[in-house]
Amino acid sequence: MRRVTLRGLLAHKLRLALTALAIMLGVTFISGTFVLTDTLNSTFSTLFSSVYSKIDFQVRGVAQFGSGETATRNPLPQSLLGRVEAVPGVAGAYGEVEGYAQFIAKDGKPISSDVATIGVGFDTNPQISSLHLIAGNPPTTSDDVVMDAATAKKYDFSVGERAGVLSSASKSAQTFTITGIAQFGSADNLAGETLAAFTLPTAQRIVGETGLYDFIDVITKPGADKATVQRAIAQALPSSAQVVTGQTIINEDTTAVNQALSFFNTALLVFALISLFVGAFTIYNTFSIIVGQRTRELALLRVVGASRGQILRSVLTEAAIVGLVSSAIGVGLGVAAAVGLEALLSGFGVSLPTGPLTFEPRTAIVGLAVGTLVTVVSAIGPARNAVRIPPVAALADRATEGTGSTDASRRRLISGAAVGLAGAALLAIGLSKPVVALVGAGAACIFVGVAMLAPAIARPLSGLLGRPLAALLGMPGQLGRVNSMRSPRRTAQTASALMVGLALVSAMAVFGASLSESATSSVDQAISADLLISVNGSGQLSDSLPAAVAAAPGVTTTTTVYRNEFEFRSTIALLTGVTTQDLANTVILRMTSGSAAALAQGELLIDSTTAKNDQLSVGDTVPLRFAYTGATTMRIGGIYQANAVIQSYLVSAAYFTAHFRQPQPGAVLVRTDGSAAAQSAVAKALTPYPDAQVQTRAQFEQTAVSSVNQLLGLVYALLALAVLIALIGIVNTLMLSVLERTREIGLLRAVGMRRRQVRTMIRSESVILAAFGAVIGIVIGTLMGLALVSSLRQQGITETAVPVTRLILFFVLAALLGLLAASWPARRAARLDVLAAISTE
């Protein structure tokens with residue numbers, strides 16, 4: 001049987017090649033994801049190790065809330081440096097600060113970053129400094145700055161040029177001389193951050209921490225016992241400070257990066273598994289057709305003594321070999337896929353640090369195992385069908401595919417309904433919890449159930465979809481329609497792969513449309529201001545900006561909005577502070593209990609969702625913690641309906657600024673007299689603040705919609721591979737169909753059908769297959785999208801929208817892609833030699 005299996009593989013190379021391609025693409029996606037995330041992990045680990053391995057200890061503030069790298073800590077008094085330096089065994093201690101500082105490009109626009117724009121003190125001690133000069137010299141005066149190499153390259157700055165810098169300590173940009181260009185460790189910058197390095201006193205002034213340090217780096221004397229030195233430093237510190245090792249800093253930073261990348265890795269793997277899931281339908285369909293076409297061959301094997309087990313093992317071995325070979329190729333292509341994924345993400349504005357590509361053994365093991373397992377599992381059904389072929393079938397030239405009994409069809413329908421209902425239940429539970437694994441399992445069961453039920457409607461729906469083609473194209477279109485109706489089971493199986501891809505695309509379209517509609521509606525229901533002033537990019541607004549805007553002609557009311565983290569009942573949350581004067585003219589607070597006037601009395605307002613979830617009401621006292629002022633309590637003075645701009649927790653600006661150190665405005669809401677001159681006056685007032693942007697409410701809403709569309713574009717791009725694999729399934733089915741109908745096509749040619757008409761017939765069949773999958777996929781995807789939107793109403797998606805135009809476009813695109821998929825099979829069918837085709841058995 002081994003020889004028979006190998007001969008079967010070699011005899012059906014063309015039939016299995018496209019199946020192998022489907023698995024190869026899915027495994028390539030998985031391998032590329034692992035290579036990309038492993039590369040990022042390795043890059044960050046190497047970077048942090050090279051930087052922080054230079055220091056022995058770090059003194060920092062005790063975490064007020066949070067932990068590790070993400071913890072909120074208070075700065076240290078500068079006087080603490082002398083105490084640390086005086087500890088026996090300490091060779092040197094160096095205070096460091098970091099905070100907001102943003103370069104201005106040569107065109108006058110602020111240089112933004114997806115991560116942060118940071119100002120730091122430049123430490124001239126190479127033994128401890130994280131910055132490595134590659135050009136120029138370190139800063140020596142208050143007029144000097146060192147720029148990170150990535151920013152210098154991207155914006156064409158060089159040593160000796162002047163560059164503007166925005167900071168929270170200055171009302172307008174300050175100009176500095178670039179004395180040097182530096183790398184962070186061995187990288188041009190730190191994960192996309194822009195770095196501006198000054199002398200330490202200048203950095204303290206720039207970031208608003210004069211007389212303070214964010215942390216103190218310590219190196220010990222050669223031969224000193226480090227454990228003893230650490231204990232001695234700890235004894236010299238106040239209770240508000242702590243000392244940790246350099247390795248602790250490396251571990252915390254690496255852990256924070258790994259946690260951030262784990263979500264990124266999971267998201268990409270989900271799309272990769274979707275592609276493999278779609279590929280499983282192609283595998284199942286291909287092996288089903290091949291088994292049907294090999295009825296006589298397999299029956300003859302039974303006649304000459306092959307057992308059912310041997311036939312089963314033979315088919316599964318074919319599947320395993322195909323899966324293993326295609327997976328191996330996919331693993332090898334993973335490196336190229338990693339580069340492609342990085343380019344794709346970069347195209348959608350996601351910047352990633354670069355480093356040598358990392359290929360872990362786990363990548364190969366997982367890729368080979370998953371690809372082979374999916375192929376074998378998908379072939380189990382066709383393999384079981386193969387062992388049911390009776391030996392008497394060797395006496396007849398017939399295929400068993402698509403000729404199942406009525407009882408078998410009934411069992412399939414019952415099973416499909418059960419699987420589909422179970423999937424719907426799992427999906428509902430997963431969305432309500434929420435549990436992503438249950439959502440995925442539920443969606444998979446729904447797709448499998450629908451695929452099992454689809455043959456019941458394949459004949460009538462294919463006939464309906466084929467009527468326009470039959471009327472338009474005449475006899476070739478009529479024959480294509482008949483061919484698609486000939487085997488409902490095959491039609492359904494072929495279209496199921498495309499159904500999955502389009503269902504997911506349609507679900508995301510409904511979700512995106514609802515999210516966009518909700519964003520627009522929520523802004524209208526949250527604020528009544530005419531203009532919104534916010535940060536342009538990753539900067540900060542100056543605390544002098546609100547007064548400058550308020551003085552602009554035509555401005556009637558302004559509300560300054562502040563935001564920062566605090567701890568609410570032991571949970572880290574985002575607190576919003578607003579100036580209370582004339583608040584009703586700019587912010588819409590729909591109070592369900594209490595009064596907005598409680599803000600001016602120093603009380604807390606919460607939204608109705610928080611009140612419901614935490615079982616709170618007006619008059620309750622809740623515990624809070626601020627990093628700057630510590631633990632306290634507040635009385636709840638009112639509860640308001642969900643507000644997308646204000647969010648869940650609201651206090652007065654006076655209370656906010658008293659509990660945060662150096663609070664900076666997050667936004668300014670402006671009410672004007674409605675004239676165009678007033679908007680121009682506001683824009684003019686913002687001239688000294690290039691990091692601020694002014695938008696009308698409509699523009700602000702459009703920005704939110706654009707962000708949603710950009711995210712959807714990335715999702716569509718990642719789902720495109722699943723659609724491509726589905727099209728490969730259509731190509732495969734049509735190729736196998738052409739091989740199966742060689743004699744039939746030859747007879748059609750013999751009675752006068754032209755080559756062009758043969759191509760039209762095959763293309764018509766392909767279009768009907770694609771349209772069939774599109775219709776089911778769009779319907780299922782729309783329902784899934786509506787379920788997703790319904791489950792997220794408490795998270796701010798208040799509107800439900802079905803993008804009918806976009807869904808129709810998906811249907812048209814699917815039909816066009818079906819036409820494209822038919823190109824190769826149609827040409828092959830048209831080129832068949834008539835005499836050879838007629839003589840084919």
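The values are calculated or read from the model by the stated rules, or taken from the named source; none is laboratory data. Please read all numbers here as calculations on a predicted model, not as lab measurements. Because the Cβ atoms are built from the backbone with ideal geometry, glycine has one as well, and the counts that use them run over all protein chains shown. Calculation scope for accessible area: heavy atoms of the full protein, side chains included, ligands and nucleic acids excluded. Shrake-Rupley method; radii C 1.70, N 1.55, O 1.52, S 1.80 Å.
Quick rundown of the values:
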{"item": "Accessible carbon and sulfur surface of the chain relative to its total accessible area, %, 1.4 Å", "result": "59"}
{"item": "Linear extension gain, Ser790 paired with Val482, 0.36 nm per residue minus alpha-carbon span", "result": "106.8 nm"}
{"item": "Cα gyration tensor, segment 259-385 - rounded (a/c under 1.5), prolate or oblate", "result": "prolate"}
{"item": "Inter-centroid distance (Cα atoms) of segment 356-374 relative to segment 267-345, Å", "result": "17"}
{"item": "Val645 accessible area, 1.4 Å probe, all protein chains in place, Å² to nearest 10", "result": "20"}
{"item": "Expected 222 nm ellipticity per residue - DSSP helices of 4 or more, -39500 (n - 2.57), all of the chain, to 500", "result": "-19000 deg cm²/dmol"}
{"item": "In degrees, nearest ten, helix 475-486 long axis to first principal axis of the chain (Cα)", "result": "80"}
{"item": "Val482, Val505, ranked by accessible area, largest first (probe 1.4 Å)", "result": "Val482, Val505"}
{"item": "Spatial separation of Cα centroids for segment 440-457 and segment 58-127, in angstrom", "result": "55"}
{"item": "Cα centroid separation, segment 764-806 to segment 746-760 (Å)", "result": "39"}
{"item": "Magnitude of the charge dipole, the chain, Cβ model with Lys/Arg +1 and Asp/Glu -1, debye to 20", "result": "5160"}
{"item": "Accessible area (Å², 1.4 Å probe, nearest 10) - Arg412", "result": "50"}
{"item": "Nearest 10 degrees, 0 to 90: helix 755-791 Cα axis against the chain principal axis", "result": "40"}
{"item": "Simple spin-label estimate for Asn125 and Ser544 in nanometres, 7 Å along Cα-Cβ", "result": "3.7"}
{"item": "Heavy atoms of Glu161: accessible area, 1.4 Å probe, square angstrom to 10", "result": "60"}
{"item": "Tensor-based shape of the chain (alpha-carbon gyration tensor, a/c under 1.5 rounded, otherwise prolate or oblate)", "result": "prolate"}
{"item": "The chain: angle of helix 246-293 to the longest principal axis, Cα-based, in degrees nearest 10", "result": "10"}
{"item": "Per residue accessible area of the chain, 1.4 Å probe, in Å²", "result": "43"}
